[in-house]
Protein chains: 2
Amino acid sequence: MDYVSGATRLFGIVGDPIQQVRSPEMFTAEFRRRGLDAILVPLHVLPGDFDACLDGLLRLRNLDGLIFTIPYKARALGLASELGAQARVVGAVNALARHGNAWKAEIFDGLGCVEAFARRGVPLAGRRLMLIGAGGAGSAVGVALAHERPAFMRLFDIDTARSQSLVERIQSVSPATMVEVAVPRVDDVDVLLNVSPVGMLDDARLPIAADRLPAHLVVFDAIVKPDRTPLIRFAQESGCTIVYGREMMRGQISRMVDFFTSA
Amino acid sequence: MDYVSGATRLFGIVGDPIQQVRSPEMFTAEFRRRGLDAILVPLHVLPGDFDACLDGLLRLRNLDGLIFTIPYKARALGLASELGAQARVVGAVNALARHGNAWKAEIFDGLGCVEAFARRGVPLAGRRLMLIGAGGAGSAVGVALAHERPAFMRLFDIDTARSQSLVERIQSVSPATMVEVAVPRVDDVDVLLNVSPVGMLDDARLPIAADRLPAHLVVFDAIVKPDRTPLIRFAQESGCTIVYGREMMRGQISRMVDFFTSA
């Protein structure tokens, strides 16, 4: 039993729901691989308790960092005393690292997604993309995709104001990319990315209404639990190339542990 | 890596300092032995942050219990919505267990100490005892010792008011026991118990001024880190029988996990 002792440094992932997250085992394994006596635990925070919970958690002297997941990536911005370059454009954070008595924040989702495509050898430059979800993670992915200079991006979020806000940020990063806000459609795109919570856990819904997906489509789903979301199963049945949420996560973890330990 | 996942239930130990505590590994091992997906982590809370930290921690929906150590055993009483029988007499708690939206509290230190003596076959009834420390743990030990009907108890604490308060509680439990408050002396007692923080971690002090201890003395030190406190080393050199803090701790753990899981 050498996973936790009185001297172990604490990290946490804050979300609601929380039981589906994989960060606890993945980050704790990465800490151990680097020889650090540290652990990352799940922290289930209800929206009405967010301010009080975070005020309490950030006062723990042996807590060195937090990860934020749904629905807190935008709200966590207010906790930071210093914002990283990605977080400033995205307007959301998914990691907070202790820096003395201050907290540095950055968002790594977008970079992780782009890295997952790069490792698969799937180019994004000049391609046509359909992105579903413009919340914390969706915005981060959108901004990171924009840096790859796609030819066209169609955005959808149930909250149209969020989509509009992301359009502006994408165009500030990549003015040459055509961007529109519209309901999900894939007949004219190369890549479909789901960065909404539709399909998470026992949610049987698809984030897109379609009888079949084109076989040439590359389908990415940011959800890590279940592994095979309704969208992923639909994409498999349609013969599409699939990029999994866990591939995005792996790329992020190493960068985030760097961030936690260099702050 | 199966020690922590998104579904793992959280427990914590709250104290200042925290790095010396052994509860994280010991409780986590006991949870696993019972087949429970649960972990106990260290929570380093500074005195000025206690109220805000605890307000935040108790709102975490996946946190099912807390242990309190130095200096919070008296202060934690205010968090309980229901007090156990020992906690009511002692006026301190070392465990808080979720009971729906309420928190049940109890103190297990005293019982653990008495059990450690019983397992060693060292009787306490009719004996003469010197007890150092009348804080949270010291009071709990004092009250539990009183239930064993010793002939005499001498109490010492740097805070005399705490010693006086413990005298009254001991006499309410065992009116026949002679009790006095005086500086530590062991020439006329059978058992010396240190339940103060003197000797913890790098503290090189002895809790008692003496050139040598009588060889017939039984010496107990509640401190678990280091294993061999200055007092324990002194007792070994003097040829005394020694009862270790970890023996008290083992007795407590099983009872406390019962409490956490039955609440």
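The values are calculated or read from the model by the stated rules, or taken from the named source; none is laboratory data. Since the model is a prediction, treat every value here as computed from it, not as a measurement. Cβ sites come from the backbone with ideal geometry, for glycine too, and all protein chains shown count toward neighbours.
Checking the conditions here, which among B:Val186, B:Val219, B:Val179, B:Val167 is among the aliphatic types (A, V, I, L, M), more than 20 Å from the chain's Cα centre (by Cα) and not in a loop (DSSP other than H, G, I, E, B)?
B:Val179
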The condition from (1) assigned by TED's automatic domain parsing to the domain that holds A:Leu54; (2) under 13 Å from the mean Cα position of the chain (by Cα); (3) charged (D, E, K, R) that A:Glu82 misses is numbered (2)
Just a yes or no: is a residue in segment A:48-64 in contact with an Asp or Glu (Cβ under 6 Å, 6 or more places away or on another chain) and of a type in the set (D, E, K, R)? yes
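Can you name the residue in segment B:227-256 that is small (Gly, Ala, Ser) and within 16 Å of the chain's Cα centre (by Cα) and is also nearest to B:Val114 (Cα to Cα) among such residues? Lay out the reasoning, then the answer.
Pass one, segment B:227-256, residues small (Gly, Ala, Ser): B:235, B:238-239, B:245, B:251, B:254.
With within 16 Å of the chain's Cα centre (by Cα) added as a condition, the list becomes B:245, B:251, B:254.
Numbers: B:Gly245: 12, B:Gly251: 9, B:Ser254: 15 Å.
Of everything passing the filter in segment B:227-256, B:Gly251 is nearest to B:Val114 (Cα to Cα).
Every residue, every condition in (1) at negative phi; (2) away from every other protein chain (no Cβ under 14 Å); (3) surrounded by fewer than 19 Cβ atoms within 10 Å (Cβ to Cβ); (4) aliphatic (A, V, I, L, M), yes or no:
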position	(1), (2), (3), (4)
A:Pro47	yes, no, yes, no
A:Asp55	yes, no, yes, no
A:Ala92	yes, yes, no, yes
A:Leu96	yes, yes, no, yes
A:Ala118	yes, yes, yes, yes
A:Leu124	yes, yes, no, yes
What do you reckon, is B:Leu66 buried (at least 23 other Cβ atoms within 10 Å of the Cβ) and under 22 Å from the mean Cα position of the chain (by Cα)? yes
Residues that are at the interface with chain A (Cβ under 9 Å from one of its Cβ atoms) and touching a residue at least 40 places away in the same chain (Cβ under 8 Å), drawn from segment B:57-69: B:Leu57, B:Leu58, B:Leu60, B:Asn62, B:Leu63
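Being buried (at least 17 other Cβ atoms within 10 Å of the Cβ), at the interface with chain A (Cβ under 9 Å from one of its Cβ atoms) and not aliphatic (A, V, I, L, M): is that true of B:Arg32 here?
Values: buried (at least 17 other Cβ atoms within 10 Å of the Cβ): no; at the interface with chain A (Cβ under 9 Å from one of its Cβ atoms): yes; not aliphatic (A, V, I, L, M): yes.
The answer is no for B:Arg32.
Across segment B:35-45, which residue is farthest from B:Met249 (Cα to Cα) among those that are at the interface with another protein chain (Cβ under 7 Å from one of its Cβ atoms) and in contact with a helix residue (DSSP H, G or I) (Cβ under 9 Å, 6 or more places away or on another chain)?
In the first step, residues of segment B:35-45 are kept if they are at the interface with another protein chain (Cβ under 7 Å from one of its Cβ atoms); the result is B:39, B:41-45.
Those still in the list that are in contact with a helix residue (DSSP H, G or I) (Cβ under 9 Å, 6 or more places away or on another chain) too: B:39, B:41-43, B:45.
Numbers: B:Ile39: 17, B:Val41: 17, B:Pro42: 16, B:Leu43: 19, B:Val45: 22 Å.
Selected residue: B:Val45.
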Residues of segment B:1-25 classified as more than 8 Å from chain A (Cβ to nearest Cβ), in contact (Cβ under 8 Å) with a residue 60 or more places away in the chain and surrounded by fewer than 22 Cβ atoms within 10 Å (Cβ to Cβ), total: 1
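Results for (1) part of a strand (DSSP E or B); (2) among the acidic types (Asp, Glu); (3) touching a residue at least 40 places away in the same chain (Cβ under 8 Å), shown as yes or no for each residue.
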{"position": "A:Ser163", "(1), (2), (3)": "no, no, no"}
{"position": "A:Leu201", "(1), (2), (3)": "no, no, yes"}
{"position": "A:Pro214", "(1), (2), (3)": "no, no, no"}
{"position": "A:Asp227", "(1), (2), (3)": "no, yes, no"}
Applying the selection to segment B:235-263, what residues are closer than 22 Å to B:Arg127 by Cα, out of contact with any helix residue (DSSP H, G or I) (no Cβ under 7 Å at 6 or more places or on another chain) and either among the β-branched types (Val, Ile, Thr) or in a helix (DSSP H, G or I) (or both)? B:Ala235, B:Gln236, B:Thr241, B:Gly245
Please enumerate the residues belonging to segment B:85-126 that are in contact (Cβ under 8 Å) with a residue 60 or more places away in the chain and over 20 Å from B:Arg169 (Cα atoms). B:Ala95, B:Ala97, B:Arg98, B:His99, B:Lys104, B:Glu115, B:Ala116, B:Phe117, B:Arg119, B:Arg120, B:Val122
Of all residues in segment A:215-229, which are over 18 Å from A:Leu124 (Cα atoms) and surrounded by fewer than 19 Cβ atoms within 10 Å (Cβ to Cβ)? A:Lys225, A:Pro226, A:Asp227, A:Arg228
Among the residues of segment A:14-29, the number that are among the hydrophobic types (A, V, I, L, M, F, W, C) and farther than 16 Å from B:Arg59 by Cβ is 4
Sort out which residues of segment A:90-136 are β-branched (Val, Ile, Thr) and in contact with a strand residue (DSSP E or B) (Cβ under 9 Å, 6 or more places away or on another chain), and write them in order of number. A:Val93, A:Ile107, A:Val122, A:Ile132
